[in-house]
1. Working only within segment 271-284, note down all residues that are surrounded by 11 or more Cβ atoms within 10 Å (Cβ to Cβ) and free of Cβ contacts under 8 Å to residues at least 24 places away in the same chain.
2. Among the candidates Asp435, Asp440, which residue alone is more than 23 Å from Gly155 (Cβ to Cβ), in contact (Cβ under 8 Å) with a residue 24 or more places away in the chain, of a type in the set (D, E, K, R) and buried (at least 23 other Cβ atoms within 10 Å of the Cβ)?
3. Any residue in segment 6-28 that's farther than 18 Å from Leu161 by Cα and polar (S, T, N, Q): show its pairings with residues that are part of a helix (DSSP H, G or I) and modelled with pLDDT under 95 at Cβ separation under 9 Å, as long as the two are six or more apart or on different chains.
4. Do we find that Gly79 is assigned by TED's automatic domain parsing to the domain that holds Ala142, within 26 Å of Leu453 (Cα to Cα) and touching a residue at least 24 places away in the same chain (Cβ under 8 Å) in this structure?
5. Which residues, taken from segment 273-291, are in a helix (DSSP H, G or I) and among the charged types (D, E, K, R)?
6. Please determine, by comparing only the residues of segment 436-470 that are touching a Leu at 6+ places or on another chain (Cβ under 8 Å) and assigned to a loop (DSSP other than H, G, I, E, B), which one is modelled with the lowest pLDDT.
7. For segment 143-184, how many residues meet the condition of being free of Cβ contacts under 8 Å to residues at least 24 places away in the same chain and farther than 25 Å from Thr503 by Cβ?
8. Of everything in segment 343-352, what is of a type outside the set (Ser, Thr, Tyr) and either at pLDDT 95 or above or assigned to a strand (DSSP E or B) (or both)? Give them in sequence order.
Amino acid sequence: MKNLLLACATGLLLALAWPTYGFPLLLFFGFVPLLFATRNLNTSDVKRPRLKLFGLSYLAFFIFNIITTWWLYNSTGFGMWFAVLANSLLMTLVWMLYSRISKRFSISLSLTFLGALWMLFEFMHLNWEFAWPWLNLGNAFATYTGLIQWYEYTGTFGGTLWVWLVNALIFKGILAYAERKNRRILSVKLAIVAAVILIPIGISQLILLNYTETENPVEVVLLQPNIDPYTEKYNTTNERIADLLFEEASKTLTSSTDYLIAPETVLAEGAGVDLRSFAFSAERQKAQQFLEDYPNLNYLAGIQFYRVYNDKAATLPTSNYVGKDRIGNPIWADFFNSAFLLNQQDSIQIYHKSKLVVGVENFPYQNVLKPLLGDIMLDLGGTVSMKTTQDNRVAFTGSNDTKVGPVICYESVYGAFVTDYVKEGAEFLAIITNDAWWGDTQGHKQHLNYARLRAIETRRSIARSANTGISAFINQKGELIKELGYGLRGSLKGTLNANKTLTFYVRFGDYLARLAFIPVLLLLILSFFIKRRVTQV
């Protein structure tokens, strides 16, 4: 019962630390109860200790996952359960490997292994085809950006390392006091813990107080059409959507506005717009007609494109079989979740979303899974079809030569991925998204606040246009400047500063996660040559 309560305590502490309702400093001792439960089982003579530890750790991580991401249920029942159960299992497997290693090494080395292994787990969640980095520990500080201004040097992995370092120190400190009952030792340990917590916070505050944005103003208008994706969006013509957008825009636009930004796939009638003929489409012509009244305006919006094939040899691995034409020949199509930029110049700039939602826009490891599962796709919220991506990021160039990175929805959760827009010259970021799938829950609030992390990492201002909230302007310190609330229709005008300076994190990316590979590999190799320790002291 004691170990069961310890496991539940870890799950609850981690969940209560999460944005946007939680307090992230709870993470600093959130893993300590489960560490003690693990130690209890590893040093006891109970039957089937590994099975019991598996159950306890799975329970802890299930509590964490279900409380923080239950809102996925609003878009799909099964998809939520798959995400929660699978992610809890992966976290449990990390913990079980730590438990095995802890029987062969000292506490310090074992905790070093655990922290480094957890960072590699998070790194995997950023890069494999079942990617789900939503609960990476560094994300938990998203609503307390005054604590983590140093993310411009470390990215969110700096936050993960911080969390594990403090948990390890607290765990070791309690063990040392329990063994020796020496208050002086306890005082020293607590002082070290306080220093490890407070010094990074102090550094962050110094950065915050001394960071000044270079004046390079860009006036932006954000559109929030508030179209229900379940009942309206895909059943409304692009012409009517465009009329709504331009009507709202006209209420706010001025002759000095540089960018008008509309949300993800705001134009998505039917199968979308033919990519090959977009230059001659009614959608482009209507936009160009509107732009005639605003000669300096750049219009950036989300759209669904398609490209049809009649020859299977020309298809891509992501192409979808869509049926037969009128004479019975098979047809395949690529679908794209894309952004475009138009102005009074003749060129059309297009970008295709490339970090896709698992099971909705991407069939992971389809060469292996498709023969087993067929064409099944999980409805995690959105139009369910394989999407085609592109290999490189782009920065759209406006008529005033200012460059903007068109970040589409889920892409904004990936720190190093977003830096690629900056490396391509983006001076500010435009995040276009549709967060209506989950209802008025923590889902869209967490998504908004994760964007604040990208602002700090890249020192790029962010203009965020959401279909159903929250549209917002975020400055280079990750502070919310203006926002338009959930469920509201309208436009939001603001001025942000463009920036060309590259941060340390933009230059070097997730280097902390890559360095974590070294202790994990070394300790794994050494574990094969070291006998099991009798006790973990």
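The values are calculated or read from the model by the stated rules, or taken from the named source; none is laboratory data. Here the structure is a predicted model, which means the values were calculated and not measured. As a convention, Cβ positions derive from the backbone with ideal geometry for all residues, glycine included, and neighbour counts pool all protein chains shown.
1. Ser281 - this is the single residue of segment 271-284 that is surrounded by 11 or more Cβ atoms within 10 Å (Cβ to Cβ) and free of Cβ contacts under 8 Å to residues at least 24 places away in the same chain.
2. Being more than 23 Å from Gly155 (Cβ to Cβ), in contact (Cβ under 8 Å) with a residue 24 or more places away in the chain, of a type in the set (D, E, K, R) and buried (at least 23 other Cβ atoms within 10 Å of the Cβ) holds for just one of Asp435, Asp440, which is Asp435.
3. Correct list of pairs: Thr20/Gln442.
4. no
5. Across segment 273-291, the qualifying residues are Arg276, Glu283, Arg284, Lys286.
6. Result: Gly469.
7. Residues flagged as free of Cβ contacts under 8 Å to residues at least 24 places away in the same chain and farther than 25 Å from Thr503 by Cβ within segment 143-184 amount to 9.
8. Asn343, Ile348, Gln349, Ile350, His352
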